[in-house]
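Here is the structure we will look at.
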Amino acid sequence: MEKFNHYTVMLNETVDALNCDGSDKIFVDATLGGGGHSELILKKISKKGRLISFDVDMDAINASKKRLREYDNLTIINDSYVNIAKNLKDLGIEKITGGIIFDLGASYHQLTTAARGFSFMKDAPLDMRFNTSSNFSAWDVVNKYKERELVEIFSKYGEEHFSKRIARAIVNSRPINTTMELADIIKKSTPHVNSKIHPATRVFQAIRIEVNNELLNFENTLKEVVTLLDTGAIISVLTFHSLEDRVAKSVLRNFSLNCRCDRGVPVCCCGGKMLELVNKKPLSASENEVKANPPSRSAKLRVARRV
């Protein structure tokens, strides 16, 4: 197996938001990845504190198990964060008493390991699965979706201006089996624009989101997690593109309202305000971090506290 390389973006800011120094509470890392956030949490909490970390990617889990082997107050679960509630219940945990971190998006390892098929910079089979045991991959999206379905996901998840041209070119070029084939088709079907962004970037992002059902999974889980938090517990959410940040902003802001009921309902039945926004505007990576790791320039951190 290739070495699992992953730069943990806004490491200190994301973990510091949890206020976990010396804590004996229960914390959750919804996206273990390379283990950067988990390791810092474990260094900060007391021996009586506990961390539950989730990931569907066995490469990430194997690397993190090795990295974090000295901590006996860590439980690593090979499952999607969409199943947090079930897994916590199985562990006999009713509430997340300390806090939870979401670090969204693909890891550096996933993006740069050719066999995973996330990148158009290395030729590989069309894959893009976070969970490699899943039967649904990028190949299915590219080769089986109808033209109008491709247009919809490229527009919705990639905010791609040339969705129709690209979708038509893909349908007319099938079968398409590799990342470089797809990137070449996208490049040829769009007008040349002076930009540092490769013309395939938005489409690859859109396909990745579709394959892993990222936005809907995140939105539903974030809503569920609010109800799992104990009073005072923290949600720390790190996003990497506007679509994820929009979901985080909307959900956290909605739960911070005094009432979430429809206006037509005469009496409030939603239970009232459940969150307090710690930062009303998202935090960004420092200038020094962006210089050291340019992709961190797109990161946004939103934090909220259960009330």
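So is R246 out of contact with any strand residue (DSSP E or B) (no Cβ under 7 Å at 6 or more places or on another chain) and of a type in the set (K, R) or not? The answer is yes for R246. In the range 289-307, what residues are over 14 Å from T14 (Cα atoms) and modelled with pLDDT of 95 or more? Result: R306, V307. Among the residues making up the range 258-285, those that are among the β-branched types (V, I, T) and open to solvent by 70 Å² or more (accessible area, probe 1.4 Å) are V267, V278. Of K48, K66, all but one fail to be more than 23 Å from E214 (Cβ to Cβ), without any contact (Cβ under 8 Å) to a residue 12 or more places away in the chain and over 16 Å from the mean Cα position of the chain (by Cα); the exception is K66. In the range 257-275, the count of residues that are more than 21 Å from V9 (Cβ to Cβ), of a type outside the set (A, V, I, L, M) and at pLDDT 95 or above is zero.
A quick yes/no check of all residues on (1) surrounded by fewer than 17 Cβ atoms within 10 Å (Cβ to Cβ); (2) modelled with pLDDT of 95 or more:
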position: G22; (1), (2): yes, yes
position: K25; (1), (2): no, yes
position: L42; (1), (2): no, yes
position: I52; (1), (2): no, yes
position: M58; (1), (2): yes, no
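Here G272 clears all of (1) without any contact (Cβ under 8 Å) to a residue 60 or more places away in the chain; (2) in contact with a strand residue (DSSP E or B) (Cβ under 6 Å, 6 or more places away or on another chain); (3) not polar (S, T, N, Q) except the condition numbered (2). In this structure, does E210 turn out to be open to solvent by less than 70 Å² (accessible area, probe 1.4 Å), farther than 14 Å from A304 by Cα and at pLDDT 95 or above? Yes: the conditions hold for E210.
Among the residues of the range 241-255, none qualifies, meaning not one is outside any helix (DSSP H, G or I), open to solvent by 40 Å² or more (accessible area, probe 1.4 Å) and over 29 Å from E147 (Cβ atoms).
Taking the condition in contact with a strand residue (DSSP E or B) (Cβ under 9 Å, 6 or more places away or on another chain) and in a helix (DSSP H, G or I), does T221 pass? Walk me through how you get there before you give the answer.
On the way: in contact with a strand residue (DSSP E or B) (Cβ under 9 Å, 6 or more places away or on another chain): yes; in a helix (DSSP H, G or I): yes.
Yes; evaluated as a whole, the condition is true for this residue.
Touching a residue at least 24 places away in the same chain (Cβ under 8 Å) and open to solvent by less than 70 Å² (accessible area, probe 1.4 Å), is that true of N217? Here the answer is yes, as N217 does meet what is asked.
Quick check on this structure: which one of F130, F102 is over 16 Å from S173 (Cβ atoms), modelled with pLDDT of 95 or more and surrounded by 19 or more Cβ atoms within 10 Å (Cβ to Cβ)? Working first, answer last.
Numbers: F130 fails: modelled with pLDDT of 95 or more.
Answer to the selection: F102.
Taken together, E152, E94, E159 contain a single residue that is at pLDDT 95 or above and either within 20 Å of H241 (Cα to Cα) or touching a Ser or Thr at 6+ places or on another chain (Cβ under 8 Å) (or both), which is E152. Would you call E160 among the acidic types (D, E), without any contact (Cβ under 8 Å) to a residue 60 or more places away in the chain and assigned to a loop (DSSP other than H, G, I, E, B)? Against the criterion (among the acidic types (D, E), without any contact (Cβ under 8 Å) to a residue 60 or more places away in the chain and assigned to a loop (DSSP other than H, G, I, E, B)), E160 qualifies.
The values are calculated or read from the model by the stated rules, or taken from the named source; none is laboratory data. Source: prediction; values computed, not measured. Neighbour counts are summed over all protein chains in view; Cβ atoms, including those assigned to glycine, are modelled from backbone coordinates with ideal geometry. The accessibility values were calculated without ligands, DNA or RNA, using every heavy atom of the protein model including side chains. Shrake-Rupley method; radii C 1.70, N 1.55, O 1.52, S 1.80 Å.
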